[in-house]
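Chemist: Would you mind keeping the following structure in view while I ask a few things?
What follows is calculated from the coordinates using simple rules that are stated; it is not laboratory data. Not measured: the values here are computed from a predicted model.
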Amino acid sequence: MNKAQKRIWLKLVVSVAGLLVMTFTLAVIKIYDLDMADASDHMTLRLLSLPCTIPLILIVILDWGWKKMYDERDRQIDRKAAIYGTVGAFIFLAGAGWLLTVVTKMGSIKASLIISLVYLACFVWILVSSVAALIQYGWKIKGEKL
């Protein structure tokens, strides 16, 4: 397993953790019926958003701190994976927007939900691109000794 594959595995784990943290945060907001417009809920929402930023910071550190000594095959896999990730994120945004407006019969989306959708779309992009890159590398280690 080369360094690019290790970085992709780490990004996959961090993106899944980010999705779980954001799902938990949205569930808490829904359960306690917190509102962004209410001044008394601002501090609670800020405290809830703190754990949501940790996975994003970890991904930035992974990309910034990792030495980028890859060959042409790794670069090509990264480019293709980024395309798949972008398509996955747009499909997620379209599906979530449709779900929030049509299925729930709200007819509109709250501004606070749009920010959450963009945050979730970022992690969906990372998740889909990581899975696409790992599929392109192959799930198994071929010809390498552990």
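Chemist: If I fit a long axis through the Cα atoms of helix 42-65 and take the longest principal axis of the Cα atoms of the chain, what angle between them do I get, 0 to 90°, rounded to 10?
Modeler: Tilt relative to the chain: about 10 degrees.
Chemist: If one takes the longest principal axis of the Cα atoms in the chain, at what angle in degrees, from 0 to 90 and to the nearest 10, does the Cα axis of helix 72-98 lie?
Modeler: Here the helix axis deviates by roughly 20 degrees.
Chemist: Then there's this: Picking from Ile61, Ile126, Ile31, which is most flexible by a Gaussian network model of the chain using Cα springs under 10 Å?
Modeler: Per the Cα network of the chain with a 10 Å cutoff, Ile31 tops the list.
Chemist: For the chain, find the longest principal axis of its Cα atoms and tell me its angle to the long axis of helix 3-31, 0 to 90°, nearest 10.
Modeler: 10
Chemist: Shifting gears a bit: Indicate the gyration tensor shape class of segment 38-129 (rounded, prolate or oblate), computed on the Cα atoms with a ≥ b ≥ c the square roots of the eigenvalues: a/c under 1.5 is rounded; otherwise a/b larger than b/c is prolate and the rest oblate. Let's see the in-between values first.
Modeler: Numbers: a/c = 5.31, a/b = 1.49, b/c = 3.56.
Here segment 38-129 falls in the oblate category.
Chemist: Cut-off 10 angstrom, C-alpha nodes, Gaussian network model of the chain. Which of Leu134, Leu58, Leu45 fluctuates the most?
Modeler: Leu45
Chemist: Looking only at Leu47, Leu117, Leu93, which one moves most when the chain is put into a Gaussian network model with springs between Cα atoms under 10 Å?
Modeler: Among Leu47, Leu117, Leu93, the largest mean-square fluctuation in the Gaussian network model of the chain belongs to Leu47.
Chemist: Only Cα pairs under 8 Å and at least 6 apart count here; give the relative contact order of the chain as a rounded whole percent.
Modeler: Numbers: 104 pairs, mean separation 57.2, N = 146.
Value for the chain: 39 percent.
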